[in-house]
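Taking it in order: structure first as structure tokens, then the write-up.
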Amino acid sequence: MFDPPFGFDRPEDSPGFSLWQATIIWQRLIKKALDPYNISHSQFVIMALLLWFKAHNYDTTQTLIINWSKLDKMTVSKSLKKLVAQGLVHRFELKTDTRAKSVFLTDKGKDLVYQLVPIVEKIDAEFFGKVLERDKQLLIQILKKLVADS
């Protein structure tokens, strides 16, 4: 008799598998919306964070982007190189620490973020709109907990 190693009777009973499926579907929607702008989801997140950091007077460094976005260093570095090449972001070494890089949006980058945020937020509203508001707030609390503990 075959005894599989799974801790769940059905794949959809696994929280990890369900999170994976939801993430893939949501990311696919975001990718489709961002593709015409030649911006990846990671690049969008970085640019949106840069705008948020500026609005809240943060000294923006690559390390801050990595810590807030949870993206790995290589993804942030490659994304920033492309954004710099596209004229959407400026990046320069800090005088106080040449290993650190300060990052900020150009006017062109800022304009693009202002254009893209409503598009992405509309996708979020439609995707998560299937969930009751109280459940959505619970989901946000659960996801914050998972992120904070990692």
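Only the coordinates and a few stated rules stand behind these numbers; no lab work does. Quick caveat: nothing in here was measured; it's all calculated off a predicted structure. Note: ideal-geometry Cβ built from the backbone for every residue, glycine included; neighbour counts use all protein chains shown.
Quick notes
- Theoretical FRET efficiency, 1/(1+(r/R0)^6), r = Cβ-Cβ of ALA22 and ALA100, R0 35 Å, to 0.05: 0.45
- Secondary-structure-derived ellipticity at 222 nm for the chain, considering helices only, amounts to -20500 deg cm²/dmol, per-run term -39500 (n - 2.57) for DSSP H runs with n ≥ 4.
- Between helix 15-34 and the chain: long-axis angle, C-alpha atoms, 0 to 90°, nearest 10: 40 degrees
- GNM flexibility winner over the chain from HIS56, HIS90, HIS41 (Cα, springs under 10 Å): HIS56
- Per-selection Rg to Rh, the chain - Cα, Kirkwood hydrodynamic radius: 1.05
- Here region 36-119 was treated as a single set of alpha-carbon atoms; its pair distances binned every 10 Å from 0 give 18, 58, 23, 2 percent.
- Under 5 Å between amide hydrogens, built in the peptide plane, is the criterion, and for ALA100 it picks out LEU94 among residues at least 5 positions away or on other chains.
- Inter-part distance where region 79-150 and region 11-29 are each reduced to a Cα centre, Å: 21 Å
- Kirkwood Rh and Cα Rg combined as Rg over Rh, evaluated for region 73-150: 1.12
- Across the cross-link table entries LYS32/LYS145; LYS54/LYS81; LYS78/LYS145; LYS31/LYS78, which are compared at the Cα atoms, the separations over 22 Å belong to LYS32/LYS145; LYS78/LYS145.
- In terms of its Cα atoms, region 5-63 spans 49, 28, 16 Å along the principal axes, sorted from long to short.
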